[in-house]
Amino acid sequence: MSLALQTFSSVKDANAALQAAGTRYLGGGTLVVRAANEGDVSVSRLVRVTDPGLSQIAVSGGKIRLGASVTMAAIARHPELAALAPAARAVGGPAIRNMATVGGNLFAPAPYGDFAVALLALDATVVTEDGELPIETFLAGRDTSRAVVTAVSLSMPKTESFRFLKISRVKPKGISVLSIAALMQRTADGTVTSARIALGCMADRPMRAKAAERALLGCKLTPEEIAPALAAAGEGISPITDPIASAWYRAEVLPVHLGRLLLA
Ligand SMILES: Cc1cc2nc3c(=O)[nH]c(=O)nc-3n(C[C@H](O)[C@H](O)[C@H](O)COP(=O)(O)OP(=O)(O)OC[C@H]3O[C@@H](n4cnc5c(N)ncnc54)[C@H](O)[C@@H]3O)c2cc1C
């Protein structure tokens with residue numbers, strides 16, 4: 001079966017083309033082209049946009065805007081994005097990071113989507129021509145999305161308030177057993193006043209550990225005080241099973257790695 005590729009200079013025209021059955025947007029192509037090569041006949045046409053705005057990174061006034069075509073490699077090497085670099089570097093090896101885009105990562109099914117896990121903890125906003133959506137809402141509805149994502153925007157996290165951890169069995173570029181990102185505000189004495197924790201591989205897409213977030217409020221990050229949060233971390237999860245790990249194993253190791261992240 002043939003696979004057509006259409007290039008547009010504007011997002012508006014690409015959005016119109018995307019409404020046709022069998023048409024998908026082409027980001028870096030690491031997933032969608034692989035699927036086509038492997039015989040996925042649900043895709044008959046790919047569309048791409050050459051608008052340079054989609055490849056721009058803007059950092060200003062404590063805000064970050066990442067064009068949807070920005071690659072993981074570009075984030076990892078950007079001098080002002082050190083806080084995001086560990087999550088960008090967690091995606092594949094160097095060849096994949098040179099192609100893998102922010103937009104594509106938002107759609108990547110588990111065990112992929114490590115960067116989207118970080119964006120979820122950071123409460124990013126997903127931008128399309130129709131407007132802006134909180135990332136949590138976007139992820140919940142992504143299967144029916146027919147619009148080009150143009151950018152994500154987020155507040156620059158303070159280095160000490162944001163943590164990211166990816167667990168894989170093959171170092172340094174294996175896919176995730178799980179990934180965890182946590183954004184926490186703490187008082188001068190270390191008491192947690194707010195927490196957003198996002199998990200990868202605990203569902204088919206990144207999800208929040210809301211029970212653990214609640215249990216952390218008012219705690220200091222000590223083994224004793226975080227114990228209720230670790231016990232609550234598994235609430236609402238439905239981990240994936242794949243050749244890397246079973247759902248049972250992922251659920252078992254989640255509190256172990258969340259504890260390591262919180263105590264780091
Ligand atoms: C060997 C290998 C290793 C990998 N390792 C990892 C890993 O460790 N961690 C990880 O998170 N991922 C990993 N991936 C998956 C993938 O490379 C990344 O998730 C990447 O970020 C996907 O982005 P992409 O631009 O290549 O997506 P594409 O393949 O271009 O697209 C993926 C999906 O997203 C849609 N899409 C892409 N961009 C947009 C947009 N702007 N608007 C609307 N829809 C869009 C496409 O239509 C398609 O449905 C790996 C892949 C391979 C092949």
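The values are calculated or read from the model by the stated rules, or taken from the named source; none is laboratory data. All of these numbers come straight from a predicted model, not from anything done at the bench. Here Cβ is always computed from backbone atoms with ideal geometry, including for glycine, and neighbour counts include all displayed protein chains.
Descriptive notes on the structure:
- Of note, Ile135 does not satisfy the criterion of being of a type in the set (A, V, I, L, M), closer than 19 Å to Val253 by Cβ and either touching a strand residue (DSSP E or B) at 6+ places or on another chain (Cβ under 7 Å) or within 10 Å of the ligand (Cβ to nearest atom) (or both).
Table: residues versus (1) surrounded by 16 or more Cβ atoms within 10 Å (Cβ to Cβ); (2) under 26 Å from Leu26 (Cβ atoms).
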| position | (1), (2) |
| --- | --- |
| Pro79 | no, no |
| Ala108 | yes, yes |
| Ala121 | yes, no |
| Arg146 | no, yes |
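- Of all residues in the stretch 12-61 being outside any helix (DSSP H, G or I) and among the charged types (D, E, K, R), the one that is farthest from Ala151 (Cα to Cα): Glu38
- Pairs where the first residue, in the stretch 155-166, is within 16 Å of the ligand (Cβ to nearest atom) and the second is polar (S, T, N, Q), C-beta under 7 Å, 6+ apart: Leu165/Ser179; Lys166/Ser176; Lys166/Ser179
- Test result for Arg250, surrounded by 20 or more Cβ atoms within 10 Å (Cβ to Cβ), touching a strand residue (DSSP E or B) at 6+ places or on another chain (Cβ under 6 Å) and in contact (Cβ under 8 Å) with a residue 12 or more places away in the chain: yes
- Condition check for Ser9 on (1) small (Gly, Ala, Ser); (2) more than 19 Å from Ala147 (Cβ to Cβ); (3) modelled with pLDDT of 95 or more: one failure, at (2).
- Of the residues making up the stretch 90-106, those that are farther than 23 Å from Arg142 by Cα and either within 9 Å of the ligand (Cβ to nearest atom) or crowded, with 22+ Cβ neighbours inside 10 Å (or both) are Gly93, Ala95.
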